[in-house]
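J.: What follows is a structure written as structure tokens; I'll ask about it next.
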Amino acid sequence: MKESTAKKDNAKVNSEFEETVIKEIKPKRRKKRSKKFLILMIALIGFAFYSVITIINQNVQIADKKEELKELQQEINVVEIQTQYLKKVQGYTGDELAEYIEKIAKDDLGYVSNGERIFYNVAGD
């Protein structure tokens with residue numbers, strides 16, 4: 001009886017072993033990505049590129065506008081200085097006014113007083 005139970009146990013183990021050996025391990029197949037997923041990925045990548053290009057373009061425009069603002073600020077400063085000078089000149093009377101007019105006539109218009117001579121250095125030294 002011992003032999004018959006041992007044979008049965010052996011037969012049982014062998015049949016289980018054969019079943020496990022016979023089973024194949026099938027590789028997992030990847031599911032094919034659907035067209036909707038592909039279109040979504042392309043749309044997301046396109047949106048990302050568009051966003052990056054837009055941000056770069058806006059940064060360039062901001063830099064240009066800052067430069068333009070800086071130039072306009074300098075022009076405003078020049079005009080403010082000229083305005084202050086003209087307000088100062090507007091207040092001239094008497095001798096100050098005569099000196100100012102003489103200075104303008106000599107420097108800007110090239111006039112000379114009686115008996116004055118103007119020498120130009122053409123050598124550049």
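J.: State, to one decimal in nm, how far the label point of residue 119 lies from the label point of residue 36, with both points 7 Å from Cα in the Cβ direction.
T.: So the label points at residue 119 and residue 36 sit 9.7 nm apart.
J.: Do any chymotrypsin sites (Phe, Trp or Tyr not before Pro) in segment 65-125 lie in a loop, going by DSSP, with at most 16 other beta-carbon atoms within 10 Å of their beta carbon, and if so which? Could you put the intermediate results ahead of the total?
T.: Working: sites: 85, 92, 100, 111, 119, 120; in loops: 92, 111, 119, 120.
Taking segment 65-125 and a limit of 16 other Cβ atoms within 10 Å, the loop chymotrypsin sites (Phe, Trp or Tyr not before Pro) found are 92, 111, 119, 120.
J.: Would you please name the GluC sites (Glu not before Pro) within segment 66-116 that are DSSP coil residues with at most 12 other C-beta atoms within 10 Å of their C-beta? Don't skip to the answer; put the middle values down first.
T.: On the way: sites: 67, 68, 71, 75, 80, 96, 99, 102, 116; in loops: 116.
Answer in residue order: 116.
J.: I need the calculated FRET efficiency for the pair residue 108 and residue 73, taking r as the beta carbon distance and R₀ as 22 Å, to the nearest 0.05. List each step's numbers first, then the result.
T.: On the way: r = 28 Å, r/R0 = 1.28.
In this case the efficiency is close to 0.20.
The numbers here are math on the coordinates, done by the rules we state, and not lab data. Small disclaimer: the values here were computed from a predicted structure and weren't measured. For neighbour counting, all protein chains shown are included, and Cβ atoms are generated from backbone atoms with ideal geometry for every residue, glycine included.
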